[in-house]
Every structure is written in C-alpha cells, then in structure tokens.
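Structure record follows, encoded as structure tokens.
The values are calculated or read from the model by the stated rules, or taken from the named source; none is laboratory data. Only a predicted model underlies this, so the values are computations on that prediction, with no experimental measurement involved. So basically every Cβ, Gly included, is an ideal-geometry build from the backbone, and we count neighbours across all protein chains shown. Ligands, DNA and RNA are stripped out before the accessible areas are found, and what is left, the full protein with its side chains, is counted by its heavy atoms. Shrake-Rupley method; radii C 1.70, N 1.55, O 1.52, S 1.80 Å.
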Amino acid sequence: MSILTLPTTPFEGQKPGTSGLRKKVAVFRQPRYLENFVQALFDELHGPDGRADGQTLVLGGDGRHHNRVAIQVILRMAAACGYGRVLVGRGGILSTPAVSAVIRRRQAAGGIVLSASHNPGGPDGDFGIKYNATNGGPAPEALTEAVHRRTLSLTRYRISDAADLPIERPGSHRIEDTVVDVIDPVADHADVLRELFDFDAIRALFARGFRLRCDAMWAVGGPAARAILEGELGAPAGTVVNAEPKEDFGGLHPDPNPVYADDLVAHLMAADAPDMGAATDGDADRNMILGRGFVVSPSDSLAVLAAHARLVPGYRRGLAGVARSMPTSTAVDRVAGALGIACHETPTGWKFFGNLLDAGQVTLCGEESYGTGSDHVREKDGLWAILFWLNLVAVTGRGVEDLVRGLWVEHGRCVYSRHDYEGIPTERADALMAELRGRLPELGGRTVADQRIAWADDFAYTDPVDGSVSRRQGVRVVLEDASRVVFRLSGTGTEGATLRIYLERHEPDPTRHDLPAQQALAPLVRLAGELARIVAHTGMTAPTVMT
Ligand code: G16
C-alpha cells in the first residue's frame, strides 16, 4: 500500500446548495469529480498539506446507486489524509440522522454523508455528498463556501492505492495507518431514540390494536423503522412497508409528500384505513404524518409536537425555544407565544438551526419541507417524528386528526400550501426573481390582484449566536391581515431551476377550518401569479407539484 499524489484540474459547479453538493450520477461518475470535492474538503478542514492525525471520521450514505463506489474512494482518501479512524456504516449505509448520532456519541471530528435525500436514485438519478461537523450537523455556510472556492484551484489529490475493503460485515480493517471500523447502521441512533420516548406506552398502544402504516419508500429508513416499530414496540409484522433499501428506490421518488407518497395517502383514505400513516424519505431525515383520512401539514406537525412536548419523557422539562425556517407556517409561533418561549425564524436549510441548538436556545425545530427534529441530534429525523407522534397518541388517547384539530381550535388554522414550478430554465427563473426583487421597494401599500400589500422584503438572517449574516433568502410579500406569499428558488435540485411559492393565511373561524386549502388560498395564488408574472417568465400555467 502507498499514498499517491495525483494531478487534477478543477471542475466548474462544485458549489454546495441547500444541503451539500447534488448532481446527476453521471456527473459524479466522471473521473476525479468526487475526488476533487473530497480533497477540497480535506484541504479546508486540515490545511493544504494537512493531516487529520488521530481524528475520527464517520462515513455512510443512503445506499443509492454509486454509494458503494464512492465509499471506497473516500476510505482511501481519508487514509491518505491521515485520519486515525473511520467509522463506516455496514455496507456503506447510514441514514442522515444516524450519521449525526454517531458523530455525537463517538466524539468524531465530523462525518461525510452520501445522499441526494428525497431526489430520485438509480443510474439516471441523483447523487450527493455533504459534510457534517463535530456537532453532528450540516457544515455552516462559511465552510461550504470555502470548499467551493478551493475546488476552483485544485491541482492535486491524495489517495491510497489500497484495494477495496469488505464492508458488508462488521469488522475492523486497516488502510495505511487508518483503522476502518464497520459499524451497525442503526444501533447508535436507536440508543438515542430509546432515551427520549416512552417505549412502554407505545408498546401498550400497539398491544391495544392501534394500526400504523409506515412507508419507508424503499429507502434507508426501512431497517431502523422495522427494528424499532416491529422489533421492539410490538407493531405487527408488515407495519413497515417498502422497507428494503434499494439503489433506485424501486424507481420511485422517495419524497414523503402527498404527491410522491400517494400510495400511502390512498391507504389512509380507504374505508379500512389504519389509525396513522407515516413515511420517510431517501435518507430518512424527512417525515410525513397522516391520520385516518387526514394529512398533517409539516408546519402543523411541528406546532403540535411543540404544544405537547412535555408529555414526552425527553422533553418533560419543557422547551428552551423553537425554530422554523422562514417559509414554514407561523403555527409554531402561536404555540411558542402561548408557552412563553422564543420562536426563531431562520433561512431554509437545517444548517441554520445548528448554532441555536448548540447554544441551548431551541429544543425543537422544523421546516415546511417535511423536516422536524430536536436537540437530540443535529439533523432532522424521520423516525424521531414518527415516535413522537406515537408517544403523544399513546399518552393522550387522542387520534392524529384530533390533535391537529385541537391546535386549530386553540390557535386558529394556518392554512398553508407550497406550489412548485419545476424544470424552469435557470436563466428564466433568475430573471423572474430579479424582476421581483427589483419591484420590492414599490410594493408596500400597493393593491395587487385585489390584495392589499402591507410590506415586502428579501429575507436576511443574522445568526444570533455567531453574528453571521445570510442575505437573499427569499422574497416575502405580506398582506395587511398577515397572510403571506414567499418566493424562492430551490437549492436542492439537479436539473434547471425550481421556483417555490409558499402561501399562508390564518383562519381563526372554526366553521371555515375545513375549507380546502387551495380554495382558501386562491386569492394569494392569483396575487403570486400576477406579481411574479409566472406565465410570462416560465410559460407554465400551473405548478408541477402542490403540497
Ligand atoms: C434540504 C435541507 C432542508 C430544506 C430542503 C429544501 O432537505 O436540509 O433544510 O428545507 O432541502 O430545500 P430547497 O427548498 O432549497 O430545495 P433534504 O431533505 O433534501 O436534505
């Protein structure tokens, strides 16, 4: 075995988005593409000729196509970089929350997650890579931007010429001076979850005949969900469906929302529907929750968890505060107000919660994009959310729908929807946003599509812990009754641009809570179309996805 220093030249476009670098598999397959990004990361972490002497790195991915190849490359590069130890998930598999749990429990220096999350997989699908820091959370913007800058000037990378390691079984190996331990992909994460929830109460719930359908979408969440829900909590075999992880997610789009998890929705709408439905995504950090005949919006889910957190052992002492991404509905703000705790509004991206969690300023956080989590790890966590809901149902004796309706009765309903326009040519999407931003100064006090605008801005965030400022995080247009429309471009796609439009209106009147969301939000949809001139810019007359 020896360490090689090999010449390379930069690739354009290795700029991490909302959550790491995501590209088509074919892009990652190009010789030196992955190597360049990893070397740029190691250079930033350890200095240009630095060595990570003695440090521990966690490594794993969601098992999508190209995962196995990439794992072996990174193992050889980590050895060349001098890591003392690499903890790699068996078969190269670790869910995103599991990586976070392992980093924290084993005091690792950081971890590399190979995932494109909810994006489709397979040879023609997407691949991705991101770095999580010592706190177990996604690297802050300052690091991802520095890595990108370094990718543009890279001239060489270092790699061991060792053979592939057999990582399909637990064991310990060595590349150069680096010890490579193959670890159980579920154990650390399961230990963390066990400490938080009342497993006895959930076991009793299942023993009473409670029926759950948990759809793992052929992704990495399946084995952990099966082990805990069926193995430990006594849910009947078959509770977790689509549970075997597949490299192409069975050809499906592993995104737990009503559009892509339509099979689960159909089961929960059927006459003999189970009591609760749940789904997790490609890397098992997102979740969707359903009651019988009832879909819970992610924003409402966060608000319900916050409102009842004290009923769950891990949060019995109450919440230090809560946080939500800016486009997420204000339902949790209302709950926080009633609880007398702070509610922080951050830009889209889980990385923005990290400092608040580390500083003990918030306990729960969540996003409209089907992510909820807490200070138990530094990632959103799909199985955590499912267990939290089960725990609440078990100890309150109330169903999923009843818990959400209780929130609406107490705080009014934040009627909410997101409209996505996917596959827009990038320059057209950029032109739309530029025009919108250009109009911002004149919007306050104007009436557009019969709606009176109170104020409008481009969201900027100053991190209260380290003072870092993130600008241009989304255009907000707020009406006099506090209804709002938010416009931003997705930072996770791999083809063209996706325009996301977030619509929210508060409805205090209980007799109007059952109005279909799209009907209640129709005036805001008209306002959004007129303001952003969507048809003129994109040629599209309707969104491709509505959640
Ligand atoms: C990632 C981020 C989330 C973000 C979501 C959507 O989730 O971790 O914080 O809300 O993308 O981002 P965008 O609107 O830019 O596409 P995941 O599950 O894809 O890692």
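For the criterion of being surrounded by 16 or more Cβ atoms within 10 Å (Cβ to Cβ), within 16 Å of the ligand (Cβ to nearest atom) and either farther than 25 Å from Gly493 by Cβ or in contact (Cβ under 8 Å) with a residue 24 or more places away in the chain (or both), Lys15 fails.
Each residue in region 346-364 was checked for being within 16 Å of the ligand (Cβ to nearest atom) and without any contact (Cβ under 8 Å) to a residue 60 or more places away in the chain, and 1 pass. In region 319-341, the qualifying residues are those that are open to solvent by 50 Å² or more (accessible area, probe 1.4 Å) and either within 12 Å of the ligand (Cβ to nearest atom) or more than 25 Å from His513 (Cα to Cα) (or both), and the one that is farthest from the chain's Cα centre (by Cα) is Gly340.
Let's see how each residue does on (1) open to solvent by 30 Å² or more (accessible area, probe 1.4 Å); (2) of a type in the set (Ser, Thr, Tyr); (3) at pLDDT 95 or above:
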{"site": "Arg472", "(1), (2), (3)": "yes, no, yes"}
{"site": "Val475", "(1), (2), (3)": "no, no, yes"}
{"site": "Val478", "(1), (2), (3)": "no, no, yes"}
{"site": "Leu489", "(1), (2), (3)": "yes, no, yes"}
{"site": "Ile501", "(1), (2), (3)": "no, no, yes"}
{"site": "Glu504", "(1), (2), (3)": "no, no, yes"}
{"site": "Leu515", "(1), (2), (3)": "yes, no, no"}
{"site": "Leu524", "(1), (2), (3)": "no, no, yes"}
{"site": "Arg533", "(1), (2), (3)": "yes, no, yes"}
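Considering region 470-540, the qualifying strands (runs of 3 or more DSSP E), each wholly inside and each with 1 or more residues that are in contact with a Pro (Cβ under 7 Å, 6 or more places away or on another chain) and within 16 Å of the ligand (Cβ to nearest atom), run over 484-489, 497-507.
Reported count of residues in region 197-222, each being surrounded by fewer than 22 Cβ atoms within 10 Å (Cβ to Cβ) and within 15 Å of Pro245 (Cβ to Cβ), is 0. For region 422-469, taking the residues that are open to solvent by 50 Å² or more (accessible area, probe 1.4 Å) and in a loop (DSSP other than H, G, I, E, B), the one that is nearest to Met546 (Cα to Cα) is identified as Pro425. Kindly check whether there is at least one residue in region 299-318 that is open to solvent by 20 Å² or more (accessible area, probe 1.4 Å) and within 16 Å of the ligand (Cβ to nearest atom). No, region 299-318 has no match at all.
Of all residues in region 350-393, those satisfying the criterion of being aliphatic (A, V, I, L, M) and open to solvent by less than 20 Å² (accessible area, probe 1.4 Å) are Leu356, Leu357, Val362, Leu364, Val377, Leu383, Ala385, Ile386, Leu387, Leu390, Leu392, Val393. When residues in region 175-196 are screened for being in a helix (DSSP H, G or I) and either over 15 Å from Val102 (Cβ atoms) or open to solvent by 30 Å² or more (accessible area, probe 1.4 Å) (or both), 5 of them pass. Scan region 264-293 for residues that are away from the ligand (no atom under 16 Å from the Cβ), closer than 29 Å to Val377 by Cβ, assigned to a loop (DSSP other than H, G, I, E, B) and open to solvent by less than 40 Å² (accessible area, probe 1.4 Å) and the total you get is 1.
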